[in-house]
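Below is one structure, written out as C-alpha cells, with a few remarks after it.
The values are calculated or read from the model by the stated rules, or taken from the named source; none is laboratory data. Values in this document were obtained by computation on a predicted structure and should not be read as measured data. Note that we place each Cβ from the backbone using ideal geometry, even for glycine, and neighbour counts take in every protein chain shown.
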Amino acid sequence: MPKIGSAVSPLHGGHCPPWLFQKMTQLSAAIVETIVVEFGPEEVLRRFADPVWFQAFGGVIGFDWHSSGLTTVGLGALKEGLAPKQRELGLFIVGGKGKTARQTPHEIDAIGDTVALSQDIHQLKETSRLVAKVDNALVQDRFQIYHHVMMFTTEGKWTVIQQGMNEQQSTARRYHWLSDTVKNFMVEPHQGIVGRLVPHVLNLTQQDNLPIQKASLELTRRPEDVLLALRSLTIHQGQKDLVMPRHHDIPSARYLDKALNTIYQNSPQSYQDLVLTPGVGASTLRALAMVSEIVYGSPLTYDDPVRYSFAHGGKDKIPYPVNRHDYDHSLQILEDALNKSRIDDRSKLESLRRLARLNAVQTQPMPLYGPGS
C-alpha cells in the first residue's frame, strides 16, 4: 500500500484562457516526447498512472495544481499536442470529457484502422468499457464519471485516467489505472484514487468484499429470491440489525425485476461477466450485495479506496499568474533538445539530465511516494 499524503486548498472559479491552452498543448507534448525519447512510451504510461506525478505535470504546464480542470484541460491539451506525433512515438491517447469520452471506442477503432497494433483492438475497447463500469458501478462513492482518457502503446500497454464529479459537494475525484498492475479488474485494481475521503463508500472491488461478489453471482441464478428479499428489506429497513448507511437506499424490487431477469437469461460465469451485462449498474450490484449480506451473512465493508487526497477547485492565478516568458523559454529548451535528438545528437538531452541531477543534489526535496512504494 503506498504512503498517503494530503494537500488542501479552497475552491476557485474561472476558465483556462485560450492563449494558455495553446501553450499547454506545445509544452505537454514536448515533455511527453522527451520521456519517450529517453525512456520509451511505457514509461509515459507509468508516470501518468502515478497521481502525484500527474499533479506535478499539471502544475509544470501552467495549470493550477489544485484544480479539477488540471485533469480535463491538461489531458485535452496533451491529446491535441500529441495528435500529429502519435504514430511516430508509438503512443496514442483517446477519450476526453463528456461526449468525447463516449467516443473512445470509435477512436480506438480509427487508430486500429491506420496502425498495425500487436494488441487486439477489441480487448482495448473492452478494457475501456470495463474500467468505466468499475468506477461508476463498483466504487459507489457518489462521484459520477464524466471524464475518461485512455493512453496506450503499439504493444497494447495502457493507462486510464478518469474523473468523477459530486455535484452536491462541488468536488471532483480522479481514478488512475495501469495495465501492468491490474491483476484482476474486480479486486482493488486501481493504481491510485485522488480525492477527499468520504464516509460509507460501497467499494465492491475491496478484498474484504470478495465473498459478497461470490454470493452476488450465486444469487443471479435465483432472481425471485432476490426480489423477495428486497421487498422484505424495504419493509424492515428500520431494524437495528440491518447494517447499511442511510444514503445507500434500498433499490426498488419493481425496477430491478427486468435487470435481474436479463442477468438470469445471460447466465454470467464470473462476477466480471455480471458487471459487464447490459443494463447492470450501480443499483443492481448494490441490491445483490445487500441481499448477499442478509442471505449469506457476509458483512459488507464500507471503506473509501482513496489513496491520495487533494481538494479540487477551479482555474485561477494561484500561486501566481503564468509567466509567459519563462513558459516560452522552457518550451524552446525542450523543443531544441528534441530536434537535436532526432538527428542522433543527444548532447542537449544529456545536459538536461545533468541539470536534473544537480538540482536534486542542491534542493534535496522531501520524497514523494507513488503507487507501489
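Test of understanding: among GLU188, GLU107, which residue is acidic (Asp, Glu), in a loop (DSSP other than H, G, I, E, B) and in the same structural domain as PHE48 (by TED's automatic domain parsing)? Walk me through how you get there before you give the answer.
Numbers: GLU107 fails: in a loop (DSSP other than H, G, I, E, B).
Among GLU188, GLU107, only GLU188 is acidic (Asp, Glu), in a loop (DSSP other than H, G, I, E, B) and in the same structural domain as PHE48 (by TED's automatic domain parsing).
Filtering region 12-51 down to residues that are surrounded by 22 or more Cβ atoms within 10 Å (Cβ to Cβ) and among the β-branched types (Val, Ile, Thr), which residue is nearest to VAL73 (Cα to Cα)?
Ranking the candidates gives VAL32 first.
Count, please, the residues in region 191-226 that happen to be touching a Pro at 6+ places or on another chain (Cβ under 9 Å) and in a loop (DSSP other than H, G, I, E, B).
Of the residues in region 191-226, 7 are touching a Pro at 6+ places or on another chain (Cβ under 9 Å) and in a loop (DSSP other than H, G, I, E, B).
Which ones in region 169-185 are among the charged types (D, E, K, R) and either in contact with a His (Cβ under 9 Å, 6 or more places away or on another chain) or not in a loop (DSSP other than H, G, I, E, B) (or both)? Reasoning before the result, please.
Kept after step one, since they are among the charged types (D, E, K, R), are these residues of region 169-185: 173-174, 180, 183.
Result: ARG173, ARG174, ASP180.
I'd like the residue in region 288-299 that is assigned to a helix (DSSP H, G or I) and out of contact with any Ser or Thr (no Cβ under 9 Å at 6 or more places or on another chain) and, out of all such residues, is surrounded by the most Cβ atoms within 10 Å (Cβ to Cβ).
The residue in question is MET290.
Across region 26-52, what is the number of residues that are under 21 Å from the mean Cα position of the chain (by Cα) and more than 29 Å from THR181 (Cα to Cα)?
Within region 26-52, residues that are under 21 Å from the mean Cα position of the chain (by Cα) and more than 29 Å from THR181 (Cα to Cα) number 0.
Count, please, the residues in region 113-150 that happen to be among the aliphatic types (A, V, I, L, M), farther than 29 Å from ASN209 by Cβ and either part of a loop (DSSP other than H, G, I, E, B) or in contact with a strand residue (DSSP E or B) (Cβ under 6 Å, 6 or more places away or on another chain) (or both). So that I can check it myself, show each step before the final result.
First, pick out the residues of region 113-150 that are among the aliphatic types (A, V, I, L, M): 115-117, 121, 124, 130-132, 134, 137-139, 145, 149-150.
Then drop every residue that is not farther than 29 Å from ASN209 by Cβ, which leaves 115-117, 121.
Retained after the next criterion (residues that are either part of a loop (DSSP other than H, G, I, E, B) or in contact with a strand residue (DSSP E or B) (Cβ under 6 Å, 6 or more places away or on another chain) (or both)): 115-117.
Of the residues in that region, 3 qualify.
Table: residues versus (1) surrounded by 14 or more Cβ atoms within 10 Å (Cβ to Cβ); (2) at negative phi; (3) touching a helix residue (DSSP H, G or I) at 6+ places or on another chain (Cβ under 9 Å); (4) at pLDDT below 85.
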site	(1), (2), (3), (4)
ARG196	yes, yes, no, yes
HIS200	yes, no, no, no
LEU204	yes, yes, yes, no
GLN207	no, yes, no, no
GLN213	yes, yes, yes, no
LEU217	yes, yes, yes, no
ARG221	no, yes, yes, no
LEU228	no, yes, yes, yes
HIS236	no, yes, no, yes
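How many of the residues making up region 133-175 are touching a helix residue (DSSP H, G or I) at 6+ places or on another chain (Cβ under 6 Å), closer than 21 Å to ILE108 by Cβ and surrounded by fewer than 23 Cβ atoms within 10 Å (Cβ to Cβ)?
Result for region 133-175: 4.
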